[in-house]
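A.B. asks: First the structure, which I've put down as structure tokens, then a few questions once you've had a look.
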Amino acid sequence: MAPPVANWSHVPQVAVFSLAWYTDLGPWRFVVFFVVLLLYLFIVGANLLVIVAICSQRSLHEPMYMFLCSLLLNELNGSAGLFPFFLVQLAQDVHTVKAALCSLQIFCLYFYVNVQFYSFAVMSYDRYLAICRPLRYAALMRPRAAALLIFLSWCLPVVAIVTMTTLSATLTYCRHVLERLYCDNYSVVKLSCDDTVVNNVYGLLYTFIVLFGLTLVIIVCYARILRVCFTSLKQRQKALSTCTPHLASLFNFSLGCFLEIIQSRLNMAAVPRWLRVVLSLYFVTFQPLFNPLLFGLNLSKIRALQINKNIKCLFFNLDKFLSRFGLGLV
């Protein structure tokens, strides 16, 4: 005998979700709030510092740095999708979020993830042309071509994520407890009492066709770069200096996404709550914290620019101090 089908027609539509992972921190709540606020300010400042350095120096107006600037701008977008919301929740006693605001946060975070993947694919293709096709690089990767790739890496995800969030927003929700710190599409869809086959099929198709396709582009580009490195010492040095930060950033981001997928798909009840919180925040916290330091310290032109600025600042302050005693350097 078939099991009875639940009838949710009498259940009112849920307009507010409760976030179950927040607990009462007592007096520590303000300490955590202050630490998270400082972390967010540091992320914004570090990313803006590298972006301003790239935009203000004509020597850095090259495709590689244009793609890096786009990557860091997207990390500011991802941070803005989480940190203000997280700070508001820490400041409140009741941890709820309206369905409309939840959809907005889902759009921001998934848009961030998708633009990152597109950006990594574009950056790997750029490095492939620079290292494996150096004589044709200037002709193939002109500023207009670089601008078009950046435009596509931002616009194509908009269509995909708007479709996804629209499909989720049209569902009827009969449960309201969200076992998360923030909204994510998979957890929200699980609260629906409607048939979610369309949502699941769309998510699987997009993942396999687009995200796996971008991953294949990245793997092929770096495989060809690796092959060239074994045949040319000069190209090997160029690859190590420019590709190492890309690969480290890609690995860090992929690890964060993998941890997030594991969190949402598997039963993590046996894992301590604090560890689940750290794993959940990893992909949108450590990536924008990691990349400005990684690229700023490893790409020679940016590093040289920062060192030059620091030296100028040091001599300016030293001259200002000594001039008080009539011993100015100039």
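Values quoted throughout were computed directly from the atomic coordinates according to the rules given, and no laboratory measurement underlies them. Predicted, not measured: the structure shown is a model, and the values here were computed from it. Don't worry about glycine lacking a Cβ; one is built from the backbone with ideal geometry, like all the others, and counts go over all protein chains shown.
A.B. asks: Find how much the distance from residue 230 to residue 198 grows on full extension, using 0.36 nm per residue of separation minus their present alpha carbon separation; answer in nm with one decimal. Provide the component values of the computation, followed by the final result.
C.D. replies: Details: separation 32, 0.36 × 32 = 11.52 nm, distance 4.73 nm.
Difference between extended and current length: 6.8 nm.
A.B. asks: Consider just the alpha-carbon atoms of region 136-247 and return their Rg together with their Dmax, both in angstrom.
C.D. replies: 20.6, 62
A.B. asks: Starting at the first residue of region 95-108, write each ³J(HN,Hα) from the Karplus equation 6.51 cos²θ - 1.76 cosθ + 1.60 with θ = phi - 60°, in whole Hz, x for Gly and Pro.
C.D. replies: Running phi through 6.51 cos²θ - 1.76 cosθ + 1.60 with θ = phi - 60° gives 9, 10, 9, 5, 4, 5, 5, 5, 4, 5, 5, 4, 4, 4 Hz.
A.B. asks: Per residue, how big is the convex hull around the C-alpha atoms of region 90-178? Give it to me in cubic angstrom, could you? It would help to have the intermediate numbers written out before the result.
C.D. replies: Numbers: hull volume 11.7 nm³, N = 89.
About 131 Å³ per residue, rounded to a whole number.
A.B. asks: Same structure, new question: Please work out the ratio of the alpha-carbon Rg of region 19-108 to 2.2 N^0.38 Å and round it to two decimals. Please list the in-between numbers first.
C.D. replies: Working: Rg = 16.9 Å, N = 90, 2.2 N^0.38 = 12.2 Å.
In units of the 2.2 N^0.38 Å rule of thumb, it is 1.39.
A.B. asks: Hey, rough spin-label estimate for residue 145 and residue 52, points 7 angstrom out along Cα→Cβ, what's it come to in nanometres?
C.D. replies: Computed distance between label sites residue 145 and residue 52 equals 3.3 nm.
A.B. asks: Something else: Once the piece of chain linking residue 20 and residue 100 is laid out straight, how much longer is it, given 0.36 nm per residue of separation minus the C-alpha distance between them? Show your work: numbers first, answer last.
C.D. replies: Values: separation 80, 0.36 × 80 = 28.80 nm, distance 1.84 nm.
Difference between extended and current length: 27.0 nm.
A.B. asks: Suppose each label sits 7 Å from its Cα in the direction of the beta carbon; what would the residue 158-residue 34 distance come out to in nanometres?
C.D. replies: Label-label distance for residue 158 and residue 34, simple model: 4.1 nm.
A.B. asks: Here's something else I'd like to know. Rounded to the nearest 0.05, what FRET efficiency is calculated for residue 172 and residue 205 with R0 set to 22 Å and r the Cβ-Cβ distance?
C.D. replies: Working: r = 23 Å, r/R0 = 1.06.
Step by step, r from the Cβ atoms, then E = 0.40.
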